[in-house]
Amino acid sequence: MTVYEALKIFKDRGLPELEAYLVIKKITGKTKEYLVIHPEYQFCEKNFFDLLNKRLIGFPLAYLLNEKSFYKHNFYVEEGVLIPRPETELLVENALKIINKEKIKKVAEIGVGSGAVIISILLERNCIGFGTDISKKALEIAKKNAKKFNVLDRLDLRLGKFLEPFKNEYDEIELIVSNPPYVKNNSDLQKEVMFEPKEALLGGEDGLDFYREFLSSYDLQGKIVIMEIGHDQGDFFRKKGWDVIKDYSGNDRIVIKDFRR
Ligand code: SAM
Ligand code: GLN
């Protein structure tokens with residue numbers, strides 16, 4: 001089939017033209033610019049319909065393309081790992097500010113997923129990173145991204161809950177970053193989100209299970225903690241004296257607490 005025919009099929013199904021180009025690019029390896037000026041270019045129809053049909057049932061585009069742009073880079077993703085969200089870039093931005101201001105050298109991330117957050121941080125600052133996840137698949141992908149971006153020599157990735165795998169290194173950690181699962185268990189998830197791993201998203205009845213367990217099991221004295229939260233979870237943290245930062249939509253999104261004083 002031709003590029004022209006494929007574009008028309010996408011259009012008829014109500015899917016954006018840009019997605020069609022990205023899908024054809026994935027199949028053919030040609031750039032979008034090439035495809036735009038060669039609408040008669042022929043490629044494999046079966047591959048096209050396989051991807052189109054997945055897309056039509058809501059399979060996320062990032063999983064189809066095996067990439068998601070986050071902060072300043074394109075991260076490898078695949079089914080089984082959370083697709084990094086644009087709102088999480090605010091977590092990176094605020095972590096970077098803290099790292100500068102406090103001259104932080106050792107940063108830990110709980111729940112690295114694809115590694116997008118900790119790797120973005122390491123690419124901006126000459127820090128050492130420690131990352132954990134309870135998902136083996138997530139760690140595999142984080143490692144793949146760490147290799148892709150050449151930071152594996154500064155990033156120690158280990159399987160386990162919270163910071164359990166880094167008991168021996170715990171005292172050295174100065175900043176703890178996390179975008180944990182915080183969605184309420186009974187939430188209506190969007191069609192696309194249903195394809196993502198539940199353990200990356202669901203945080204119990206009120207979405208706060210991760211925070212409660214983490215805060216009650218660790219002595220955070222001497223450290224700074226920065227985490228992403230859900231839009232309606234700010235008060236839980238305000239009551240405990242945390243700073244709450246809003247995202248660009250005006251929703252509570254990031255919480256920070258300095259446990260050094
Ligand atoms: N940091 C990535 C990002 O922002 O795109 C992934 C965030 S995802 C919302 C949460 C991640 O935390 C998932 O990869 C999940 O497997 C992991 N996770 C959930 N509970 C955890 C725990 N108690 N300890 C470590 N990792 C956990
Ligand atoms: N913002 C994500 C969503 O609603 C949730 C991410 C998370 O639980 N950390 O899809």
Report summary line: A chain fully extended from Tyr4 to Thr31 at 0.36 nm per residue, minus the present Cα-Cα distance, gains in nm 8.2 nm
Query raised in the report: Where the only charges are on Cβ atoms (+1 Lys, Arg; -1 Asp, Glu), what is the dipole of the chain about its Cα centre, to the nearest 20 debye?
Result: 520
Report summary line: Computed from the beta carbon distance with a Förster radius of 45 Å, FRET efficiency for Lys11 and Ile134 to the nearest 0.05 stands at 0.60
Report task. For the stretch 44-121, would you read off the P(r) tail past 15 Å as a percentage of all alpha carbon pairs? Result -> 62
Requested in this report: Could you work out the per residue convex hull volume over the alpha carbons of the chain, in cubic angstrom?
Outcome: 137
**Report entry** Cα extents of the stretch 155-240 along the three principal axes, largest first (Å)
**Finding:** 41, 32, 18
Query - For the stretch 1-150, fraction of C-alpha pairs farther apart than 28 Å, in % - result: 34
Report summary line: Computed from the beta carbon distance with a Förster radius of 41 Å, FRET efficiency for Asn186 and Asp219 to the nearest 0.05 stands at 0.80
Report task. Restricting to the chain, compute how many DSSP beta bridges are antiparallel as a %, nearest 5. Result -> 40
Report summary line: Given 37 °C, 0.692 mPa s and a Kirkwood radius over Cα pairs, the Stokes-Einstein diffusion coefficient of the stretch 3-57 in µm²/s is 298
Query raised in the report: What aspartates and glutamates sit close enough to Lys26 to cross-link, taking a C-alpha to C-alpha distance under 19 Å and skipping anything fewer than 8 places away on the same chain?
Result: Glu5, Glu17, Glu40, Glu45, Asp50, Glu67, Glu78, Glu79
Query raised in the report: Quick one: which of Lys184/Lys240; Lys11/Lys147; Lys105/Lys144 span more than 31 angstrom between C-alpha atoms?
Result: Lys11/Lys147
Query raised in the report: Principal axis lengths of the stretch 106-261 from Cα atoms, whole Å, largest first?
Result: 43, 39, 30
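None of the figures in this text is laboratory data; all of them are computed from the coordinates on show. This is a predicted model, so every value here is computed, not measured. Cβ: placed from backbone, ideal geometry, glycine included. Neighbour counts: every protein chain shown.
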